[in-house]
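Structure first, commentary second.
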């Protein structure tokens, strides 16, 4: 009596589904890594419930040592206005995002706000959610 089974399992492994999964993960991590913004200076932003979702054209950062950076480039205080205007020159709807540490004196933040006001630029103050 010859008994044979109909279901034969082949010991081969198909890699096509594994490569699809790897490519999907690669695309996911590439897309999410571009959404993360980093700054040249490390700052602790003030807390607020109000959040604005504006695309940043020019990012100005002031840390607690009163170091300034414009678009991730550390600059002198005297050069801030010139660099903001250069960065905003190409975009008529330029938005300046001010990322000031919570310990920065008000006078320093008002200096940057005044630059934006004099040059008729839109200004947004960046905060962390509460």
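Annotations for the structure displayed:
- Only one of the listed residues (66, 98, 85, 125) is over 18 Å from the mean Cα position of the chain (by Cα) and within 24 Å of residue 47 (Cα to Cα). That residue is 66.
- Boolean, residue 21 is at pLDDT 70 or above and farther than 29 Å from residue 129 by Cβ: yes
- Residue list for the stretch 70-106, restricted to those being touching a helix residue (DSSP H, G or I) at 6+ places or on another chain (Cβ under 9 Å) and part of a strand (DSSP E or B): 70, 73, 75, 95, 96, 98, 100
- Every residue from the stretch 58-80 that is surrounded by 20 or more Cβ atoms within 10 Å (Cβ to Cβ) and within 16 Å of residue 107 (Cα to Cα): 60, 61, 62, 63, 68
- Test: residue in the stretch 109-128 that is at pLDDT 85 or above, surrounded by fewer than 13 Cβ atoms within 10 Å (Cβ to Cβ) and not in a helix (DSSP H, G or I): yes
- Residue check, residue 1 over 30 Å from residue 92 (Cβ atoms), at pLDDT below 90, out of contact with any strand residue (DSSP E or B) (no Cβ under 7 Å at 6 or more places or on another chain) and part of a helix (DSSP H, G or I): no
The values are calculated or read from the model by the stated rules, or taken from the named source; none is laboratory data. Predicted model only: the values in this text are computed from it and were never measured. Note that we place each Cβ from the backbone using ideal geometry, even for glycine, and neighbour counts take in every protein chain shown.
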